[in-house]
Amino acid sequence: MKRIVPLAASALLLSGCGSFQAFQPATPADYTGATANVADQVVAISPQRLHVFEITQVDGRRLASSSTASTRAGQGSGMTLKPVPLTNELPVRETKVRLQAAVQYASPVVSMSSPSCRTIGDVSFTPVEGKRYAVNGRIAADACEVWIEELGTGQRATEAVTGPGTDH
């Protein structure tokens, strides 16, 4: 009976390996057209809390995330996070992007007694060649929102993804 538990655990671990998808670039390898730069935004609210607005997928391709990069950059620094906003080059064509807005804490213990939210959703985005964009958003008691906007004008280039705020 004791052998069943390790075998079952191994089977579960191995079954997850087939579904793991490594990080990919935002622009497919075979794409040869123009690209547009889109920067994630990571705002340090305190040494232990960040507001992260990021793209996590483009057309189903899983991207490296600013939230993970920020966690890794803060490792070994005690109870602090270091903001690491990543940028992506997206093809100049209609794409489906997955946006995320989240409150990120230096430790799970801090997050249990602190206001938080996480909103994820897909939006259509067609960047324009020569323009630069940023993922932006708002984290407040009433709502957690994220969108892409043009850097030069501040105009929204996508719909907002909206979820419950920090008081939910």
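Quick notes on this one:
- Sparse-neighbourhood loop sites, GluC sites (Glu not before Pro) in the range 77-129 - DSSP loop, at most 12 other Cβ within 10 angstrom: E94, E129
- Efficiency of FRET between V128 and A73 - r from beta-carbon atoms, R0 35 angstrom, step 0.05: 0.65
- Fewest-first sequence of T71, T80 by Cβ atoms within 10 Å of each Cβ: T80, T71
- Counting beta carbons within 10 Å around each of V97, V161, V146 and listing the fewest first gives the order V161, V97, V146.
- Computed extension length for E150-T80: 22.1 nm, one decimal, from 0.36 nm per residue of separation with the Cα-Cα distance subtracted.
Read-outs: derived from the displayed coordinates by stated rules, not from any lab. Computed from a prediction, not measured in an experiment: that's the story for all the values here. Note that each Cβ is placed from the backbone with ideal geometry, even for glycine, and that neighbours are counted across all protein chains shown.
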